[in-house]
Amino acid sequence: MKTALSLIAFLSLPLAAVRGATVFTFESGFTAGQTTFTQGDLTVFLGGQLMVTEFPTFGSGEGDWFIDTGYGMPVSGDAGSISVTTTAIAGFRLLGMDLWTSNDGGNNYAAGNVTLTGLLANGGSVSTVVAVTPTGDGGSDWDTTIDLSVFAGKTLTSLEISLGPEINNIGIDNLSMESVAAVPEPSGHLALLALGSTGLLTRRRLKRKA
């Protein structure tokens, strides 16, 4: 009986399609100061002080473009957010990102803590504090080892980014996400649910006869 009930509960869950990963390297088709962009089936909006920035060879891997809070524009605490705004997308899953931090508005690197808070598509939130440790002021000095395991398998609608008191600037590059599109409940799904219910009733009848 428990097995049948578990099957019915599983079949009653809304379906979702997780699509392939999209990696935003920002190296083609972007303009300085841009806060909304689309790649694949992901349309992304940058909130707060986050914007697309160009600085030759400074991006992670020595690219020219990345997300930044603005050179010479110190940020205290809340740096901004990364959100999916397309209505066709239920949310996104965060797979990876490279980070660089500074304590003087982007002039020189400094290690610091960054709080990442993901707003969940089904309500609630999940948060983690990552220690960002850049090793210099060049494109090969970004921290590429950010631990995002707390977000594994979780569908987000927004990622809030907050800086610790020891830093006031952040750069984000090689942002890797996969979209999660809501799938309408098909008639076949309902048929399976009905089949599960019928199986449960049949089992009960057989037990009574025995």
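Derivation of every value follows stated rules applied to the coordinates shown; laboratory data play no part. Predicted model, so just to flag it, every value in this text is computed and none were measured. Positions of Cβ are generated from backbone atoms using ideal geometry, with glycine treated the same way; all protein chains shown enter the neighbour counts.
Could you pull out which residues in region 58-100 have an amide N less than 19 Å from a spot 7 Å beyond the Cα of A111, following the Cα-Cβ vector? It comes to 98-100, nothing else. Counting 0.36 nm for each residue step from A17 to D104 and taking away their Cα separation leaves a gain of 27.1 nm.
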